[in-house]
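Written below as C-alpha cells is the structure these notes are about.
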Amino acid sequence: MAARMDLDGRPIKPMTICMIGAGGFIGSHLCEKLMAETPHKVLALDVYNDKIKHLLEPDSLPWAGRIEFHRINIKHDSRLEGLIKMADLTINLAAICTPADYNTRPLDTIYSNFIDALPVVKYCSENNKRLIHFSTCEVYGKTIGSFLPRDSPLRKDPAYYVLKEDTSPCIFGSIEKQRWSYACAKQLIERLIYAEGAENGLDFTIVRPFNWIGPRMDFIPGIDGPSEGVPRVLACFSNNLLRREPLKLVDGGQSQRTFVYIKDAIEAVLLMIENPDRANGHIFNVGNPNNEVTVRQLAEMMTQVYTKVSGEPMLQSPSIDVSSKEFYGEGYDDSDKRIPDMTIINKQLGWNPKTSLWDLLESTLTYQHRTYAEAIKKSMAKPTAS
C-alpha cells in the first residue's frame, strides 16, 4: 500500500483505533473502510458482531490480524481502560438512538448516552488518548424559526433555521416532553468533553450526524433486529414497504429532514481520523443540506424507488396519517427542520457530500429488499416440527 498522505502532505503513520460500537451500522462501514483503504489496526468493541462478521473471518482475508473483535458491554467491563490504553485513538459510537425509546425508555436513554460514556471520556483524558465522540444533530433541538408566527417571512431566512456548530443555540422542549431526554444527555456529554479539552488538554473531535443512511442501517423488526420497537423514520418506511403496508406519516409528515449517504459520511470520519491537527477541538456537522425533504416527500420518493427496485406494484393507498401521540406515546415532541451548516467541515477538512437522495435510497432499499427476501426464504426452509 503506497504511503497515505494527510491534507497537509505529511505521511500518515499506521495507528491503532479502539472503536466502541464497532458492530453497529456506522461502525461496520467505518471498519470496512479502514480495512480496505488504510494500514490502521482496529480493536472492535461491541456486544454483537453480525454486521462485521465478513471482516473477521476467514483468516485468509487481506487484513487478517488488523481487526480484533472484543465482545464487551462498556457498562461494566474492567477491560475497557486497558483497550483504550492500547490504542492511539478511541472512537465512541455506542448509544441508544431510536426515537421511540426516548419517550418509553427515558432512563435507559439517559444512562446509555451520558452515564455509560463517562468512563470512556475519563480514560481518554487520564491516558492522553485522542477521542472522536459521536453525538447527534438532535442536540440542536428546535430551530429559532419554529418559534416565529407561522406566516412570518423570517421563517424562510436561513439565519433562523440553518444549524451552525459554533453559534446555534440548543433549544429543547419542556421537561415533561421526554423526547428530549436523548438530546439533553448527548448535549451534556458534549459539554463534558469540551470541558475536558479546556481544563485537562483532552484531544477531542465531536461528530454531529444528520441522518446517515445506507445498507445495514437500523433494523427491520424481526429480521435483522428486535421484533419489538420502532426504528427511525427511514427504517420505519422501509419496514412498511417490505411488508406491503401503508407508510405511517406522523402528524402529516410535515417535519423537514436532510439525509446523507453512509459512504459519503464515512469519508468525512476518515478525514477526521487522519488529520488530527485539523480536527482536534472541533465539532463537525456531517450531513447533506442538498438532500432536504419533508417526511411526506420522503415517503413518496421511497415508494417510487421501492417500486423500481422490487418490481412490485404500488399499494392503492401508499400512506396513512397518524398522530404522534398514537405512534410514539404521550410526551413526544419534535424538531421542525434540521439543515446543517457545512462551513466548518468544509474549511477544516475540505469535505462535501456527493450522493443524491434518490441514489442513496436506491442503494439502501436494494440492500433491504434482498436481505428481507433472503430472511423470508430461510424461515420458509426451516423444517417444521411434526
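The values are calculated or read from the model by the stated rules, or taken from the named source; none is laboratory data. The structure displayed is predicted, hence computed values, not measured ones. So basically every Cβ, Gly included, is an ideal-geometry build from the backbone, and we count neighbours across all protein chains shown. When the accessible area is computed, the model is the full protein with side chains, heavy atoms only, and any ligands, DNA or RNA have been set aside. Shrake-Rupley method; radii C 1.70, N 1.55, O 1.52, S 1.80 Å.
Some notes on this structure:
- Backbone N within segment 149-189 under 17 Å of label point (7 Å from Asn200 Cα along the Cβ vector): 188-189
- Computed from label points 7 Å out along Cα-Cβ, the spacing between Leu148 and Tyr160 is 0.2 nm.
- When the square roots of the Cα gyration tensor eigenvalues are ordered a ≥ b ≥ c, the ratio a/c for segment 112-156 is 1.5 or more and a/b exceeds b/c, which makes its shape prolate.
- Looking at segment 95-376, the accessible area is 43 square angstrom per residue; that uses a 1.4 Å probe and ignores ligands, DNA and RNA.
- Straight-distance crosslink candidates among aspartates and glutamates, where the alpha carbon sits under 16 Å from Lys122 and sequence neighbours closer than 8 are dropped: Asp77, Glu81, Asp88, Glu190, Glu196, Glu199, Asp203
- For the residues Lys33, Lys263, Lys347, a GNM of the chain with alpha-carbon springs under 10 Å puts the largest fluctuation on Lys347.
- Contact order, relative form, for the chain: 17 percent (alpha carbon pairs under 8 Å, 6 or more residues apart, mean separation divided by residue count).
- Estimated FRET transfer efficiency (Ser317, Leu7; beta-carbon r; R0 41 Å; 0.05): 0.20
- Gap separating the Cα centres of segment 267-312 and segment 121-161, nearest whole Å: 16
- The chain: calculated mean residue ellipticity at 222 nm from DSSP helix runs of at least 4, using -39500 (n - 2.57): -11500 deg cm²/dmol
- Portion, in percent, of the accessible area of the chain that falls on carbon or sulfur, probe 1.4 Å: 52
- Pairs from the table (Lys186/Lys337; Lys51/Lys337; Lys177/Lys263; Lys164/Lys308; Lys177/Lys347; Lys13/Lys347) lying more than 27 angstrom apart at Cα are Lys51/Lys337; Lys177/Lys263; Lys164/Lys308; Lys177/Lys347.
- Stokes-Einstein, applied to the Kirkwood radius of the chain over Cα pairs at a viscosity of 0.692 mPa s and 37 °C, places its translational diffusion at 150 µm² s⁻¹.
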